[in-house]
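Visitor: Pasting a structure below so you can have a look.
The values are calculated or read from the model by the stated rules, or taken from the named source; none is laboratory data. Quantities reported herein were computed from a predicted structural model and do not represent experimental measurements. Cβ coordinates were reconstructed from backbone atoms using ideal geometry, including for glycine residues, and neighbour counts include every protein chain displayed. For accessibility, only protein heavy atoms count, side chains too; no ligands or nucleic acids. Shrake-Rupley method; radii C 1.70, N 1.55, O 1.52, S 1.80 Å.
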Amino acid sequence: MLICEDDRDFARLMQILLEKEGYAVAVSYSAEEALAHLAENRVSALVLDINLPKMNGLEMLQEIKSRPEGADLPVIVVSGRELAEIPALPYPVVLDWLTKPLDEGRLLERLKEAVRKDEPPTVLIVDDDTDLCVVLSRLLDKNGARVETAPSGRKAVEMCRQKLPDLMILDLVMPDGDGFYVIDMLRRDLELRKVPIIVYSAKEPTPAERRRLAVGTTLFLTKAKTSQQEFMERVVELLNGLLPVPPSAGEGDPPDGR
């Protein structure tokens, strides 16, 4: 994310807010700095003030129009001015216009939308069953997700410390770090980024185990009892509608009965 805001204190507050959500954030204090950053870096969304020194935010949007790196860039304006004061917004279309004081929840929701448009959601499957991973990967890929797999808890922790997924599908019984190990090692990061988890295992966790595994939004599914349709519906729900609901006809078999 790129923040373009000349009020350094306000820019710092937004930077802290976004970094807590797991975003990589760059800050520019003028339109000229922001344009230079856009020319050299890939950005998922721009958070833009309008009242900037020298070149203002509206002039900056006009400049972005002529640049290939900015033609499809989602822009969220955070300004002390009301949208009604602006006669016509230049291209690119502004994703939203937020007035100060900042509505933090609305800003985060709009940034989620921007990221969704930028790339498909990532699902991490943590399971040592290679055949099941292949089946689930094909199912998720067909429905628009980008899939990564980890054959052990330790490998999953290593991958998540590089980059957290949008959703984790977690087996419980694995060699070299089970599902409990994954949660114990990553709990703080998973809670901070609000990563939903599907515990998908042949083992039925006890009430005490469920409490230990629960991190924010955690769903428990048993492999032998969950149909393919139900599995994908739960995935879609946890990814907030990013994936299309799979067709129901002829798809009632579970991904794997083991």
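Visitor: What does the charge add up to near PHE10, with Lys and Arg as +1, Asp and Glu as -1, over the other residues with Cβ less than 13 Å from its Cβ?
Guide: On the way: positive: ARG8, ARG12, LYS100; negative: GLU5, ASP6, ASP7, ASP9, ASP49, GLU104.
Once positives and negatives cancel, what remains is -3.
Visitor: Run the quick spin-label model on GLU191 and VAL134: label points 7 Å from Cα toward the beta carbon, then report their separation in nm to one decimal.
Guide: Rounded to a tenth, the inter-label distance reads 4.0 nm.
Visitor: How many nm is it between the label spots at GLU19 and ARG42, if each spot is 7 Å from the Cα in line with the beta carbon?
Guide: Between GLU19 and ARG42, the label points sit 2.3 nm apart.
Visitor: How long are the three semi-axes of the equivalent ellipsoid of segment 96-182, in whole Å, if each is the root of 5 times an eigenvalue of the C-alpha gyration tensor, listed from largest down? Mind dumping the intermediate values first?
Guide: Numbers: eigenvalues 204, 53, 14 Å².
Listed largest to smallest, the semi-axes of segment 96-182 are 32, 16, 8 Å.
Visitor: Just to confirm a number: summing +1 for Lys and Arg and -1 for Asp and Glu over residues other than VAL123 whose beta-carbon lies under 11 angstrom from that of VAL123, what do you get?
Guide: Working: positive: ARG146; negative: ASP141, GLU148, ASP166.
Surrounding charge for VAL123 is -2.
Visitor: Here's something else I'd like to know. Please give the helix 228-238 orientation as an angle from the longest Cα principal axis of the chain, in degrees from 0 to 90, rounded to the nearest 10.
Guide: Computed tilt is about 30 degrees.
Visitor: For segment 2-153, report the % of Cα-Cα distances exceeding 26 Å. Show your work: numbers first, answer last.
Guide: On the way: 4012 of 11476 pairs.
Cα-Cα pairs in segment 2-153 separated by more than 26 Å: 35 percent.
Visitor: Quick one: how many Å² of LYS225 are accessible to a 1.4 Å probe, rounded to 10?
Guide: Probe radius 1.4 Å; accessible area of LYS225 about 150 Å².
Visitor: How big is the charge dipole of the chain about its Cα centre, in debye rounded to the nearest 20, if each Lys and Arg gets +1 on its Cβ and each Asp and Glu gets -1 on its Cβ?
Guide: On the way: 33 positive and 45 negative charges, 91 e Å.
My answer is approximately 440 debye.
Visitor: Does anyone have the angle between helix 130-142 and the longest principal axis of the chain? Alpha-carbon axes, 0 to 90°, nearest 10?
Guide: The angle comes out at about 40 degrees.
Visitor: Taking all protein chains as present, what is the carbon and sulfur share of the accessible area of segment 146-218, in % to the nearest whole number, probe 1.4 Å?
Guide: Here carbon and sulfur together make up 51 percent of the probe-accessible area.
Visitor: What distance in nm lies between label points placed 7 Å from Cα along the C-beta direction at GLU204 and LYS54?
Guide: For the pair GLU204/LYS54, the computed spacing is 6.8 nm.
Visitor: Would you mind checking the pairs LYS54/LYS112; LYS20/LYS194; LYS155/LYS225 and listing those with alpha carbons more than 22 angstrom apart? If you can, show how the numbers build up before the last one.
Guide: Numbers: LYS54/LYS112 31 Å; LYS20/LYS194 10 Å; LYS155/LYS225 27 Å.
Correct reply: LYS54/LYS112; LYS155/LYS225.
Visitor: Taking only DSSP H segments of four or more residues, each worth -39500 (n - 2.57), what value at 222 nm results for the chain once the sum is divided by all its residues, to the nearest 500 deg cm²/dmol?
Guide: On the way: 9 runs with 103 residues, N = 258.
About -12000 deg cm²/dmol.
Visitor: How big is the chain by Rg and Dmax over its Cα atoms, in Å?
Guide: Every Cα atom of the chain included, Rg and Dmax give 21.4, 65 Å.
Visitor: For the chain, what is the accessible area per residue in Å² when the probe is 1.4 Å? Walk me through the numbers before you get to the answer.
Guide: Numbers: 12700 Å² over 258 residues.
Value for the chain: 49 Å² per residue.
Visitor: Need the full-extension length gain, SER66 to GLU82, defined as separation in residues times 0.36 nm minus the C-alpha distance. One decimal, nm.
Guide: Details: separation 16, 0.36 × 16 = 5.76 nm, distance 2.57 nm.
Full extension of this stretch gives 3.2 nm more.
Visitor: Same structure, new question: Between ILE3 and residues 5 or more places away or on another chain, which pairs have amide H atoms under 5 Å apart, with H built 1.01 Å from N, and which residues are they?
Guide: Amide H to amide H, under 5 Å and 5 or more residues apart or across chains, ILE3 pairs with ALA26, VAL27, SER28, VAL47.
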